[in-house]
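What follows is calculated from the coordinates using simple rules that are stated; it is not laboratory data. Being a predicted model, the structure only gives us computed values, none of them experimental. A quick note on method: Cβ atoms are made from the backbone with ideal geometry, for glycine too, and the neighbour counts reach across all protein chains shown.
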Amino acid sequence: MIVFLPLWLDKLLPPRFYFDKTASLTVPIPQPTETAEVIRCLHCRSVITRPSQAIDMAGQHHHVVTNPAGMRFAIVLFHEARGLISGEPTLQHTWFSGYSWQLATCLQCGIHLGWYFSQPQARSFYGLIKARLVL
Ligand SMILES: [Zn+2]
């Protein structure tokens, strides 16, 4: 059914109700937003890294590790991440042979997100606690 509006009513309608013959040709196609391509801190939702930064070590992206206190962590590995690195690098109890580790916390909220692993002859990476991320 077609309803013809009187011309005087057309002048009263807000601009978004005006019919634009070219509109259907120029409406942009929605693109995936950048927010869909980031990994966030579960606690404060700030951006930590991107799926494109994911790496494997020993053939695995996901690792389950246990610290000397007996705490188990499911971690995922990324080359780059946005986090605060603290403490002196140490090889003590490292989970990745030859890589020293430091704590990595969220810049925004300070929650412990995981560890930063480095060694002089290889590219550094982050091991981030999966349960503290929005993947
Ligand atoms: Zn946070």
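Approximating the spin labels as points 7 Å out from Cα along Cα→Cβ, the Ala69-to-Glu37 distance works out to 3.8 nm. Computed over neighbours whose Cβ is under 13 Å from that of Leu42, the net charge equals +4, Lys and Arg +1, Asp and Glu -1. Summing Lys and Arg as +1 and Asp and Glu as -1 over all other residues whose Cβ lies under 14 Å from the Cβ of His79 gives a net charge of +1.
The length gained by stretching the chain between Ala131 and Met57 to full extension, at 0.36 nm per residue less their Cα-Cα distance, is 24.7 nm. Spin-label model, Leu91 to Cys109: label points 7 Å out along the Cα-to-beta-carbon direction sit 3.6 nm apart. Protection proxy ranking, highest mean first, for peptides 37-44, 116-123, 65-72: 37-44, 116-123, 65-72, where packing is the per-residue count of other beta-carbon atoms within 10 Å, averaged.
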